[in-house]
Amino acid sequence: MGISYHSYIGKTVDQLPDLPAATDGNISLNTPVGSCVDRMGNVWLADTAHNRLVIFDQNLKHILAVFGTVGDGAGQFNMPFRLLAHPDKNWIYVTDIGNYRIHILQYDNHLNINPLKCFGNEPAVDLKGPNGIVLAAGEVCVADEFYEGSDGESRLVIFSDDGEYKRSIHEIDCQYSSDPLHLLWPQGLSLDSQGNICIANTGFNTVVRCDWQGNGVPFSGLKKSYIDGLELARDVACVQGRILIPGGEANAISVYGMNGRKQGKLEGFFAPIQITEHPGENRLLITEPILASLQLHEINLRTVQRNNSRATNVLVSVGDERDNPGQLHFVTSVAGDVVPKDEREGYNANLQLEQWLNYQQNLQEQVVQMMQPAGMPSWLSLGVGWQAEWMQRWQQSWWRMFLGEKFETPDELLWMVDAGNYQLQATEEARPGSARPVSLPMLPGSLGIAALTPDSPLPGQLDPSVPLLVVSNYLSAIVTIYQYSPILGELVPYTVFGSLGSAPWQLNKPQGIAIDPSTNDILIADSGNNRIARWRLNAIGIAGLVDTFGSLGEGDGEFHTPSDIAVDKDGLCYVTDQFNNRIQIFDRDGAWLNSFGEAGYGVTGAKFLLPTSIEHEDNFLFVSDLVNRAIKVFDTQGNFIDSFSGFGADAEKGQLWMPYLLHVREGKVFLPDCALNRVNVYQFEY
Amino acid sequence: MGNVFQRATGKRLKHRQSGSEAGPSAASCAESEALLNQFREVIVEVESAQQDKKEQAINSLKDLHSRHRKALKSQCLTGPTE
């Protein structure tokens, strides 16, 4: 009995033309994170899920070089994360988080790149998750994100600039308090003008400041060494006399003065991570990993004051829309199953005409891009980008209908929410390039999916042989039930329910969905309202609310962000209570029965760190444990059976970065990873 | 062991319980409701068109498209600005 890796779905598009080459039209990025500017002014980007570095000219107009492949040898990476240019030497530091080490790469004026050294993975140091990195006065400081100290705390590790271990900082001493500050999952680091280290302390949602000995450095406006009240602190950047905190507020970069007081925010972002100063005046390089984009922005941060909101000007945006055939973009959930067949028999397509239409579409995309002038405000750029992509999705739908492209057996498909492309894709086979679009464009924010087969055909149901697909939308809180149209060969909406709010019939940030096999009810993890909602589709196809259960808290039957739900044949409900790090079990009436699990690192047993997704099959529970990057299998009493784990971006090993809502069918475990942009398939044998 | 996790979890929970975390705006809630109603109207159109022929179905879907475009253009669609 055990679980093992089988294959993946989601094509990798990482080929480049002969370099140097124009950036436009030549590069597809895969969740890029870190960036830096070298001594010649070239821009280096960690194309993290592609396990490579890409080097651009200063204006991002040309790709100059590419370096790295997946692996653990010299010059190889497993998720190159953050980059740092040495100020005095032609060295680039790369935190290679999946290999638990740091590279020093040496480059010359022609961008010949040689791996000089790796450090941090020696037993005496044994980094567990090198993330942010800074350098000052001949020393390098690295945030060791997943290091587990005696109380579970993470640490900072100090090396000489050539990689010799010096010391570790396990806690930040504070003059104003007898209690030291601890770090949990620190990510980005940045230096203030005095050389002090600012730390994005993600686990506590704070930004902490200390010196290189671990002494807290209070912010003068706060009289304490940390900035609090943040929605999220995934990074920090000290730029132009301001402290920038990506994610400090949703879809924005919070701006603080060096005294720790809030000045305002930069709006119009999605989920930005690293901010790097660019040599141009008032210019910032900002990575948007989920949008698969590196952007050059212009903003005078001195104009952000008195708590105002400012938009930046977007000068350049690098990266495509990740909508090449077979490619996925922020895939979040799946339903159905794979039933392999001969591909040409399974999908009707007119390839010659399709190629011509793709050519025409590319021309149109170029026209659309030309209509988006450089210097557009960031919020408008994001909005126009969304609308342009939306238009393209519709055009693609028309073409598929026009060409009569459809699956031969739509009743036997695996359906995937390709959220970043605003569509569902489907496949018959668990192989990389097999996914094909199959739905009309959906609203941005689509997230969870479940297949529902009514007890008897519903009025207006066009093809009862194909299950209805229930899709939750995280942003609009609308749940759409799609049905398959045999005429169009597409999924079209059948009915909708929900809407945003906290009234019983409303939802807020709905995530996972499950169908109760004992009643055919639709259960929704209403994560923003901290409850589970039960809906029922009646015999005439109208959705109605049956009940809700749960509220915010940490007691029995209470939730802190319930992210997913599974239901067994008797109607027992199993919920991932994400921020309480446990699985809660309820009867079919929503009465609490039991819980299992506690917070902690570990790839075996019932220690969880942000359990995100759960599925039930044949009296087994499958749990995706986010921080531990593990799929854990339990029996329904919570006894551990087996697990698969692996942190990284190696597609051949089934490794995970940001696993989302898993799905199990006949022992096949489908786990979409929204950062790696693929659906991993595992096999559970029992 | 566990102390740091418990403190971090407790801090997040306290933050949410204090109500200081921004909830959805009234504009977003209203937009969500309007979108829901638009969906309902279009579904009726799509269903009726499906019974006839493909062109009518496509025309109805074009209506859906234009309505959604309006929702996107209105800039108060829930997220990403919220």
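Could you tell me the convex hull volume per residue, in Å³, taken over the Cα atoms of chain A?
So the per-residue Cα hull volume is 150 Å³.
Report the accessible area of A:Trp505, computed with a 1.4 Å probe over the heavy atoms of all protein chains in place, in Å² rounded to the nearest 10.
Rounded to the nearest 10, that gives 140 Å².
Provide a whole-number value for the mean count of partner chain Cβ atoms within 10 Å of the Cβ atoms in peptide A:487-497. Please report the intermediate quantities before stating the final value.
Details: counts 9, 6, 1, 2, 0, 9, 8, 3, 4, 8, 3.
Neighbouring Cβ atoms belonging to other protein chains average 5 per residue here.
Too long at a 24 Å Cα-Cα cut-off: which of A:Lys262/B:Lys11; A:Lys128/A:Lys262; A:Lys569/A:Lys607? If you can, show how the numbers build up before the last one.
Numbers: A:Lys262/B:Lys11 20 Å; A:Lys128/A:Lys262 33 Å; A:Lys569/A:Lys607 26 Å.
Table pairs above 24 Å Cα-Cα are A:Lys128/A:Lys262; A:Lys569/A:Lys607.
For the protein assembly as shown, what is the percent of antiparallel DSSP beta bridges, rounded to the nearest 5?
95
With contacts defined as alpha carbon pairs under 8 Å and 6 or more residues apart, what's the relative contact order of chain A in percent?
In percent, rounded to a whole number, it is 10.
Determine the calculated [θ] at 222 nm for chain A from helices alone, applying -39500 (n - 2.57) to every DSSP H run no shorter than 4 residues and normalising by the residue count; nearest 500 deg cm²/dmol.
Value at 222 nm, helices only, nearest 500: -2500 deg cm²/dmol.
Quote the charge dipole size of the stretch A:29-112 about the Cα centre in Debye, to the nearest 20; the model charges only the Cβ of Lys and Arg (+1) and of Asp and Glu (-1).
Here the stretch A:29-112 has a charge dipole of around 80 debye.
FRET efficiency for A:Arg306 and A:Lys89, Cβ-Cβ distance as r, R0 = 41 Å, nearest 0.05? It would help to have the intermediate numbers written out before the result.
Details: r = 42 Å, r/R0 = 1.02.
The pair A:Arg306/A:Lys89 has a calculated efficiency of 0.45.
Between A:Ala143, A:Ser595, A:Leu285, whose Cα lies farthest towards the positive end of the dipole of chain A when Lys and Arg beta carbons carry +1 and Asp and Glu beta carbons carry -1, centred on the Cα centre?
Final value for the positive-end residue is A:Leu285.
Among A:Leu523, A:Ser465, A:Tyr226, flag the residue with its Cα farthest along the positive direction of the charge dipole of the protein assembly as shown, charges on Cβ as +1 for Lys/Arg and -1 for Asp/Glu.
A:Tyr226
Would you mind putting A:298-304, A:410-416 in packing order, based on average other-beta-carbon counts within 10 Å, highest first?
My ranking of the peptides, most packed first, is A:410-416, A:298-304.
Tell me, in nm to one decimal, what length is gained between A:Glu139 and A:Ala21 on full extension, where the rule is 0.36 nm per residue of separation less the Cα-Cα distance?
Details: separation 118, 0.36 × 118 = 42.48 nm, distance 3.62 nm.
Gain on stretching A:Glu139 to A:Ala21: 38.9 nm.
Need one number: nm distance between label points at A:Leu191 and A:Trp399, each 7 Å from Cα along Cα→Cβ, rounded to one decimal.
Once both label points are built, they end up 5.0 nm from each other.
Would you mind calculating the gained length between A:Thr519 and A:Tyr176 on full extension (0.36 nm times residue separation, minus the Cα-Cα distance), in nm to one decimal?
Between A:Thr519 and A:Tyr176, full extension yields an extra 117.6 nm.
Residues of the stretch A:112-145 with the amide nitrogen closer than 13 Å to a label point 7 Å from the Cα of A:Tyr165, along Cα-to-Cβ, please.
Counting only backbone N, you get A:119-128.
7 Å from Cα along Cα→Cβ at both A:Ser465 and A:Ala503: what's the point-to-point distance in nm?
The answer from the label model is 4.2 nm.
Given H placed on each backbone N at 1.01 Å, which residues far from A:Ser446 in sequence or on other chains put an amide H within less than 5 Å of it?
Long-range HN contacts for A:Ser446: A:Tyr474.
I'd like the FRET efficiency for A:Arg39 and A:Leu552, computed as 1/(1 + (r/R0)^6) with the beta carbon distance as r and R0 of 60 Å, rounded to 0.05.
0.70
The values are calculated or read from the model by the stated rules, or taken from the named source; none is laboratory data. Predicted model, so just to flag it, every value in this text is computed and none were measured. Neighbour counts run over all protein chains shown; Cβ positions are idealised from the backbone, glycine included. For the accessible areas, the whole protein counts, side chains as well, though only heavy atoms, and no ligand, DNA or RNA atoms are used. Shrake-Rupley method; radii C 1.70, N 1.55, O 1.52, S 1.80 Å.
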